[in-house]
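Structure first, then comments.
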Amino acid sequence: MEKLIIRAGNDYPVLIGEKALGKLKQFIHDLSSEVTSILLLVDETVYQHHKDMIHESIPFDDFHVLPAGEKAKTFAVYEQAMGKALESGLDRQSLIIACGGGATGDLAGFTAATYMRGIRYIQVPTTILAHDSAVGGKTAINHPLGKNMTGSFHQPSAVVYDSSFLRTLPEREIRSGFAEVIKHALIADNDFLKELMKQVTDFKTLDQDFLQYALKKGIQIKGEIVAKDEREQNIRAFLNFGHTYGHAVEAWSGYGGKLHGECVMIGMVYAILLSQRQTELKFDIAGFLEWVHSLGYDTKAVAPYEELLALMKKDKKNLKHQIRFVLLEEVGKPVLKRIDQEELLQVHRLLQQRGETH
């Protein structure tokens, strides 16, 4: 097991590794003030697969099962979670534990952020994708017109990332989650990207030690950025590389039609193509596409441009109704730029040509 410290708002530990869940009770005991009661919010699929481990290792006074995946991030499910918190008698010294993937963490974190104007919560992520979302304190639910448009910055008290949860992940979830690992390499570390491209050739045979190393590296990259810009006033926006176009695809697909990481990969290819035109990025796009296609990613443009444009206009990075994209001047050197709509259309067409799987 390895322990990292995230320095954002309240500093908090991230524990990652096999049997990390065994340290959860000690983390709760070590919190700065007594915990009066605990509500567990758990993803239904995770609960089905890991019911015994959850009951043995996670302390709670009451629990509530959430729909799996993005279906958890709705106003209706949020209202149900708030109702459960009220029925359970949570007070300002209570604690919410989120056990599930990124969607569970977002919903549970937003519930904690808004219940009595904010109580503590702990993230217990169970997917590869959640290595990104569980760290940094972004919490939110979706609106049909835009992803994560209702939310709050609310840092967890701890993140306990037990890698034993990852053994039951289907390959599609592994692929989706690993897109965020690739994103961290693209925005921060060219050597890390080369390492990923060399070591990761098949998600069915992904080495578990290398996976833990890659997840730790991704968390470190995100933690360093969040420490400098907790509330996304400037450089934290770099973590949204691939997300402007990707979130539009995800919203167009109906939140769940395509997985988050699948959409982010499409968005990253789009952003790389845009970077080559806007910042003169030198990048072997053909080699990158060959690699990601060999891993099973589909990078085609899947929606009509006008519909995606309408969704991109609602992106949170935009200012004065101008669409802003995170681009790369080089791998490891991101930049935020305003892009006009004609250029976005041209790159959408380019993606249709270059994004076809081999």
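The values are calculated or read from the model by the stated rules, or taken from the named source; none is laboratory data. As the structure is a prediction and not an experimental result, all values here were calculated from the model. Every residue, glycine as well, gets a Cβ built from its backbone with ideal geometry; the counts of neighbours run over all protein chains shown.
Contact map, segment 176-191: residues that are under 9 Å from Gly242 (Cβ atoms) paired with residues that are of a type in the set (Ser, Thr, Tyr) and at pLDDT 95 or above, Cβ distance under 8 Å, separation 6+ or inter-chain. Pairs shown: Ala179/Tyr297. Here Lys216 fits the description: assigned to a helix (DSSP H, G or I) and not assigned by TED's automatic domain parsing to the domain that holds His293. Under the condition of being surrounded by fewer than 24 Cβ atoms within 10 Å (Cβ to Cβ), assigned to a helix (DSSP H, G or I) and of a type in the set (D, E, K, R), the residues counted in segment 223-261 number 3. Scanning segment 1-14 for residues that are touching a Gly at 6+ places or on another chain (Cβ under 7 Å) and either of a type in the set (Lys, Arg) or free of Cβ contacts under 8 Å to residues at least 40 places away in the same chain (or both) returns a single hit, Met1. Among the residues of this structure, Ile122 counts as one that is part of a strand (DSSP E or B) and either modelled with pLDDT of 95 or more or surrounded by 24 or more Cβ atoms within 10 Å (Cβ to Cβ) (or both).
Leu281 fulfils the conditions (1) over 15 Å from Arg175 (Cα atoms); (2) in a helix (DSSP H, G or I); (3) aliphatic (A, V, I, L, M); (4) in contact (Cβ under 8 Å) with a residue 40 or more places away in the chain except for a single criterion, (2).
Residues are listed down the side, and each one gets a yes or a no for (1) over 25 Å from Val200 (Cβ atoms); (2) of a type in the set (D, E, K, R); (3) in contact with a helix residue (DSSP H, G or I) (Cβ under 7 Å, 6 or more places away or on another chain):
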residue: Leu259; (1), (2), (3): no, no, yes
residue: Val302; (1), (2), (3): no, no, yes
residue: Leu308; (1), (2), (3): yes, no, yes
residue: Lys320; (1), (2), (3): yes, yes, no
residue: Leu327; (1), (2), (3): no, no, yes
residue: Lys337; (1), (2), (3): yes, yes, yes
residue: Gln352; (1), (2), (3): yes, no, no
